[in-house]
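The values are calculated or read from the model by the stated rules, or taken from the named source; none is laboratory data. In this text the structure is predicted, and so the values were computed from the model without any measurement. Reconstructed Cβ throughout: ideal geometry from the backbone, glycine too, with neighbour counts over all protein chains shown.
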Amino acid sequence: MKTLADLKAIREKAQQEMKLRNSNVRIKVVVGMGTSGIAAGAKDVMKTFIDEVSTRALTDVVVSQTGEKGLSSMEPVVDVIEEGKPRYCYGNINSEIAKRIVVEHLVNGNPVKEFLISTE
Amino acid sequence: MQDLSLHLIDIIENSARANCDLISIVIGIDETENKLSFEIIDNGVGMDEDTLTSAQNPFYTSKSERKKKIGLGIPLFKENAERCNGSFLMESTIGKGTRLYAEFEHNHIDRMPLGSIEDTFLSSIVGHSEINFFIKLFHILQNKEEKVFILDTREIKSELGDIPITWPDVVIYLKDTLNEGIKNIELEEF
């Protein structure tokens, strides 16, 4: 059973890691979690991003969720926001595509072009 | 919506958009009364009487896309509860917050499965790291024994100090804690 004491060890390890590498947030991933997004599978997409980012220990990526943005026909919708770069918006995402976005875009810096719906 | 965990994430999203900083969620099965209940309380902006009534009407939308505070989510959840011999209640006070309570007949033939509520909680905690979550899950068995699981992100955040709750190892900790906790109290029967 996990206890709060386990968190102490996690905190100490994280503090060491923060000293070693730049732990500022570099990329923000925002999953659209409105009613239509949820109905189209946004919950699984969110879970995939959370799982992939945490198991790959991507400490400079933050995954968050937001309400609808008026793109219901293309749900689930995901934004990838990186400072100094255009805002990449993906549509019709599922878990498989989410995994590709993590590897190709977040890790290697190459947006997955075939699922982009806009670049602002 | 295929299961109740999807309704839950939708309701939590409403609270998040109401600018709250604390969401309290109590979900439980009471076998002695054949009930499955959901209570979600936030300390957000709240709604006036009219908005509160409109929010339960499927033909109401505020339509100003990015400012939308309510959607189809509430009427769908309400309909599901009522279809299962349950009940639905929403109360709100401007400036204080909103309370939503839904009850289902636990073994009703039309009751949706609970689904992976552990994923709903993890998504919400990580996806809204600025909001605190108090989660209490309970299961009262036929012999009146009560099993309880509680997770309070305020305790976790105070233990973490300057480490964000979105830190990868913390997320894995949360995931394991939720999975174990839900399994231990046998919240879902299938």
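Descriptive notes on the structure:
- Which listed residue, of A:GLY67, A:GLY32, is buried (at least 19 other Cβ atoms within 10 Å of the Cβ), out of contact with any Leu (no Cβ under 6 Å at 6 or more places or on another chain) and at the interface with chain B (Cβ under 9 Å from one of its Cβ atoms): A:GLY67
- Members of the stretch A:1-19 that are of a type in the set (Gly, Ala, Ser) and more than 7 Å from chain B (Cβ to nearest Cβ): A:ALA5, A:ALA9
- Every listed requirement among (1) aliphatic (A, V, I, L, M); (2) crowded, with 20+ Cβ neighbours inside 10 Å; (3) in a loop (DSSP other than H, G, I, E, B); (4) more than 18 Å from the chain's Cα centre (by Cα) is met by A:MET1 save one, (2).
Per-residue answers, yes or no, for (1) more than 14 Å from chain A (Cβ to nearest Cβ); (2) under 14 Å from B:GLY127 (Cβ atoms); (3) assigned to a helix (DSSP H, G or I):
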site	(1), (2), (3)
B:LEU6	no, no, yes
B:ILE9	no, yes, yes
B:SER15	no, yes, yes
B:VAL26	yes, no, no
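- Residues (touching a residue at least 24 places away in the same chain (Cβ under 8 Å), in contact with a helix residue (DSSP H, G or I) (Cβ under 9 Å, 6 or more places away or on another chain) and farther than 14 Å from A:MET33 by Cβ) located in the stretch A:67-81: A:VAL80
- Out of B:ILE131, B:ILE150, one residue alone is surrounded by fewer than 16 Cβ atoms within 10 Å (Cβ to Cβ), within 14 Å of chain A (Cβ to nearest Cβ) and touching a strand residue (DSSP E or B) at 6+ places or on another chain (Cβ under 7 Å). It is B:ILE150.
- Pairs where the first residue, in the stretch A:51-62, is facing another protein chain (nearest Cβ under 7 Å) and the second is among the polar types (S, T, N, Q), C-beta under 8 Å, 6+ apart: A:THR59/A:SER23; A:VAL62/B:SER129; A:VAL62/B:THR166
- Flag if B:GLU105 is at pLDDT 95 or above and farther than 25 Å from B:ILE182 by Cα: no
- One residue stands out among those in the stretch A:37-50 that are over 21 Å from A:ARG87 (Cβ atoms) and not hydrophobic (A, V, I, L, M, F, W, C): the one that is farthest from the other protein chains (Cβ to nearest Cβ), which is A:GLY41.
- Hey, B:GLU159 farther than 18 Å from B:GLY28 by Cα and touching a helix residue (DSSP H, G or I) at 6+ places or on another chain (Cβ under 8 Å) or not: yes
- Yes/no for A:GLU83 being over 13 Å from the mean Cα position of the chain (by Cα), farther than 27 Å from B:THR177 by Cα and surrounded by fewer than 16 Cβ atoms within 10 Å (Cβ to Cβ): yes
- Residues in the stretch B:153-190 that are more than 18 Å from B:ILE131 (Cα to Cα), more than 10 Å from chain A (Cβ to nearest Cβ) and not acidic (Asp, Glu) were compared, and the one that is surrounded by the fewest Cβ atoms within 10 Å (Cβ to Cβ) is B:PHE190.
- A:SER73 on the phi < 0 side of the Ramachandran plot and more than 10 Å from chain B (Cβ to nearest Cβ): yes
- Close pairs (7 angstrom Cβ cut-off, 6 or more residues apart or separate chains): touching a residue at least 12 places away in the same chain (Cβ under 8 Å) in the stretch B:159-179, of a type outside the set (Ser, Thr, Tyr) and in a loop (DSSP other than H, G, I, E, B) anywhere: B:VAL170/B:ILE163; B:THR177/A:LYS2
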